[in-house]
Amino acid sequence: MKLKYAAAASFLLLGSLPALALSEADREAAIKVAKTGSVGRLIECGVEMGSPVELDVTPMDLNADGVEEVLITASHENGGAACFSHLGMNRTLMIRNRKGEWIANLGFDAQEIKALPDRSNGYQDLAVDLAGDCWPVWRHNATKYHIYKQCRNGKLVIAASWKAGGSQPERLEDSLGWDNDELYLHNGSMMYVNKGTGIIRYSTPKDSIAKTVQEGTVLFRGEFKNAPGLESRGTVIGTAYVFKKGCEPAPYPVSGTYDAWSVTMKGAAPRRAKDSCAILETTKNSPHSVLKFEAPPDY
């Protein structure tokens, strides 16, 4: 794995920057701490997948104190998204606390991070590009960066966890909203798969079911769990639903596995009566007993 040190303006639009003087030893110390968390797991994933992960290190000064913070961007050396979402890179922001210890902030896949004029506790707010038209905003809560404004229906709203004082553990769902969805194909329909929230919902239902399900209809709720040390593969378990026009969705338990390009789940699915909403039985012979989601060929 190689380290590349990028110019400060590469990922953050900060306006005028004061002179910065972070030593090579300080940078290495920040990277070392980052490797104990998600950055280290991504590096291990790259080894497992045979696609090495490199780190780009970008210095910045978000609180204008003349002491650099460090943005670490992890991505595959030769491109691709084997260990990442379709965004293809992960951003971790390292900030020193009052004791001089490096603390990891953010730590999720994002295309770009833009510093905003507004400040909190001396630090600039951060808008994060998660490949959606709406960019969620993180704000410093005197300890670390916390989700401040999340995206709902394409608009920024104050995050529930911030309203509670910014001290509650931030949920990935609050942080990313629907903007971290990955597009997958499922039985002719386009689906939004969000491994963070554990929700799979319809993006563009195929014509034959368009009168039964709509954009946003949830097909699965559950939990994706990474395999030890890996970000790109693991297990998934939860509840899927069978739909029939005029009937309430019929839930059933499913479980399976996922990797960087697919999700496969299995479970005995409900079979309804032809002339009513009644559930006659659950069966593994149902067309709904195997759910397969695959990234589009041009993903």
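Coordinate-derived values only; no laboratory data. None of the values given here were measured: they were computed from a predicted structure. Note that we place each Cβ from the backbone using ideal geometry, even for glycine, and neighbour counts take in every protein chain shown.
So the values come out like this:
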read-out: Cleavage-rule hits, trypsin sites (Lys or Arg not before Pro), segment 46-114, DSSP coil, Cβ neighbours within 10 Å at most 12; value: R98, K99
read-out: Rounded to whole Hz, the Karplus (6.51, -1.76, 1.60) HN-Hα couplings of segment 53-62, x for glycine and proline; value: 9, 10, 10, 9, 10, 10, x, 7, 10, 7
read-out: Members of K32/K195; K32/K114; K211/K292; K32/K163; K211/K284; K149/K225 lying beyond 31 Å, as alpha-carbon distances in this model show; value: K32/K163
read-out: Local net charge near L93, Cβ-Cβ under 11 Å (Lys/Arg +1, Asp/Glu -1); value: +1
read-out: Peptides 49-60, 268-279 ordered by average Cβ neighbours within 10 Å, highest first; value: 49-60, 268-279
